[in-house]
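The values are calculated or read from the model by the stated rules, or taken from the named source; none is laboratory data. Values in this document were obtained by computation on a predicted structure and should not be read as measured data. All Cβ positions, glycine included, derive from the backbone under ideal geometry; neighbour counts span all protein chains shown. With ligands, DNA and RNA removed, areas are computed over all heavy atoms of the protein, side chains included. Shrake-Rupley method; radii C 1.70, N 1.55, O 1.52, S 1.80 Å.
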Amino acid sequence: MTPLGPFTCEDTARRLDDYLDRELDQADMQLVREHLERCAACAQEFRFEGSVIDNVKRKLRQIDLPEDLTTRIIAELERGKAPGT
Amino acid sequence: MEAAVTIGPPGAPPDVGAAELPESEFQAQLVAALPAAYGYALRLCHHRADAEDLVQEAALLAFRGRGGFESGTNFKAWYFRIVTNCFRGRHRQEQRRPRTVDFDDAQDLDLRAASAANGVPFQGDDPASLLIDRIGTERVADALARLPDEFRVACALYFMEDFAYHEIAEILGVPVGTVRSRLHRGRKMLQKSLWRGAEDAGIVPARAGSPGSEVVG
C-alpha cells in the first residue's frame, strides 16, 4: 500500500466519472474516497469535475414549460379519442 | 432511485396487453412528467417549437399505447423513451443542427487543463462555477446541441433528470456499459464544446489560428 492508499492516481482518475455518479460498488467508492482524502491533486480534479457537472445541470435546467402546452396536449389527446381520428 | 421501467421495443407505441392505465391516471402522470419532458426535448431539439411538437407527438403515442405501461413502474422513464424514439424518428429526416466542433478522439480537451494553460483562473473555491457562469446558459445549451446525436441524447438524460445509468439504459434500449461509455465520452466532448463556445464568445483567450489548433489534456 502506498501513502495514497491502494488506488494510484491513475486508478482514481479512471473511476472518477463513476465515482461522481455514485455508480461504483461500495468497495471501489471507499477506495476512491480514501485516495481523494490523501491526494490533493486528485481531490482538486474531483472538485472541479463535480462542479462542472453541477453547474452545467443548473444552467441546462433553466427552462419553463410554455404556459399553454399542457392545455394544448390534453386537447390533442381528446381529439385523438374522437371516432375516426 | 425510481422503480424499474417496463417499456416495449424501440419505436413506440409500446406493447399492448398489460392492464391499461385508466385515462384519468394516465393524464395525471403525463401532466406531472411534461415539464421535465419538455426540458429534455428542448435540449434535444434546441428549438422551442420543435420541442413542443415532440412532446405532443410523444404524448399522443403514449396515450394510444398506454396499454404497454405497467402500473406502478416509472411512468416518466416510459414517456421519456417514447420522446426519445420520436426524436430519433424525426431527426433522421431533418439534420439541421450546427456541428462546429471536431470531436476527434485524439483531441480531448479538459476544461481545467485548458483553463490552466490559457491563463484563466482555475484555482480558488469553485473555479468551474465561475467559468460556467461566464459561459452562460445559452452557450452551455449550444455546447450540448453540438454533440453527436447519441452522445447528446445520453447527456441530456443525465444532465436534465439525474437518471441513474440503468434508467438511461432502459430508456435508450442499450446496455448499461454503452450508457457508461457514452456519458464518459459525452462529458469530455461537452467540455471541449464548452471551451470552444467560450473562445468564440471571447470569454477565454482564443487560440492562435483556426479553432481546434491547440490540444489540451
Restrict the check to the stretch B:93-110 and report whether at least one residue is under 28 Å from A:Glu78 (Cα atoms) and either part of a helix (DSSP H, G or I) or modelled with pLDDT of 95 or more (or both). no
Restricting the search to the stretch B:171-198, which residues are surrounded by 16 or more Cβ atoms within 10 Å (Cβ to Cβ) and in contact with a Pro (Cβ under 7 Å, 6 or more places away or on another chain)? B:Arg196
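When you look at A:Arg15, is it closer than 20 Å to B:Val140 by Cβ, outside any loop (DSSP other than H, G, I, E, B), modelled with pLDDT of 90 or more and more than 7 Å from every other protein chain (Cβ to nearest Cβ), yes or no?
Details: closer than 20 Å to B:Val140 by Cβ: no; outside any loop (DSSP other than H, G, I, E, B): yes; modelled with pLDDT of 90 or more: yes; more than 7 Å from every other protein chain (Cβ to nearest Cβ): yes.
So A:Arg15 does not fit the description; no.
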Show the residue pairs that are 6+ apart or on different chains and have beta-carbon atoms under 9 Å apart, the first residue being within the stretch B:126-153 and over 11 Å from B:Gly186 (Cβ atoms) and without any contact (Cβ under 8 Å) to a residue 12 or more places away in the chain, the second being crowded, with 19+ Cβ neighbours inside 10 Å and aromatic (Phe, Trp, Tyr). B:Asp126/A:Phe48
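Return yes when B:Leu144 is in a helix (DSSP H, G or I) and open to solvent by 30 Å² or more (accessible area, probe 1.4 Å) and no when it is not.
Details: in a helix (DSSP H, G or I): yes; open to solvent by 30 Å² or more (accessible area, probe 1.4 Å): no.
When the stated conditions are applied, B:Leu144 does not pass them.
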Pairs under 7 Å by beta carbon, first residue among the hydroxyl-bearing types (Ser, Thr, Tyr) in the stretch A:47-68, partner open to solvent by 10 Å² or more (accessible area, probe 1.4 Å), six or more apart or different chains? A:Ser51/B:Asp126; A:Ser51/B:Ser129
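When the stretch A:18-38 is examined, which residues are found to be assigned to a helix (DSSP H, G or I), surrounded by fewer than 18 Cβ atoms within 10 Å (Cβ to Cβ) and either among the acidic types (Asp, Glu) or within 14 Å of chain B (Cβ to nearest Cβ) (or both)? Working first, answer last.
Let us first name the residues in the stretch A:18-38 that are assigned to a helix (DSSP H, G or I), namely A:18-20, A:26-38.
Remaining after also requiring surrounded by fewer than 18 Cβ atoms within 10 Å (Cβ to Cβ): A:20, A:26-30, A:33-34, A:37-38.
Selection gives A:Leu20, A:Asp28, A:Glu34, A:Glu37.
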If a residue must be at the interface with chain B (Cβ under 8 Å from one of its Cβ atoms), outside any loop (DSSP other than H, G, I, E, B), open to solvent by 20 Å² or more (accessible area, probe 1.4 Å) and β-branched (Val, Ile, Thr), how many such residues does the stretch A:39-74 contain? 2
What residue, of B:Ala141, B:Ala117, is more than 21 Å from B:Ile82 (Cα to Cα) and either over 12 Å from the mean Cα position of the chain (by Cα) or at pLDDT below 95 (or both)? B:Ala117
Here is a check on your reading of the model: is B:Leu157 open to solvent by less than 50 Å² (accessible area, probe 1.4 Å) and more than 8 Å from chain A (Cβ to nearest Cβ)? yes
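Being hydroxyl-bearing (Ser, Thr, Tyr) and free of Cβ contacts under 8 Å to residues at least 24 places away in the same chain is the filter; apply it to the stretch B:174-202 and report the residue that is farthest from the other protein chains (Cβ to nearest Cβ).
From the stretch B:174-202, those hydroxyl-bearing (Ser, Thr, Tyr) are B:178, B:181, B:193; that's our starting set.
Remaining after also requiring free of Cβ contacts under 8 Å to residues at least 24 places away in the same chain: B:178, B:181.
Values: B:Thr178: 14, B:Ser181: 10 Å.
Per the stated criteria, the residue is B:Thr178.
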Just to be sure I understand the filter: pairs with C-beta atoms under 9 Å, separated by 6 or more residues or on different chains, first member in the stretch B:45-57 and farther than 16 Å from A:Glu76 by Cα, second member open to solvent by 60 Å² or more (accessible area, probe 1.4 Å) and part of a loop (DSSP other than H, G, I, E, B). Which pairs pass? B:His46/B:Pro98; B:His47/B:Arg96; B:Asp50/B:Glu94
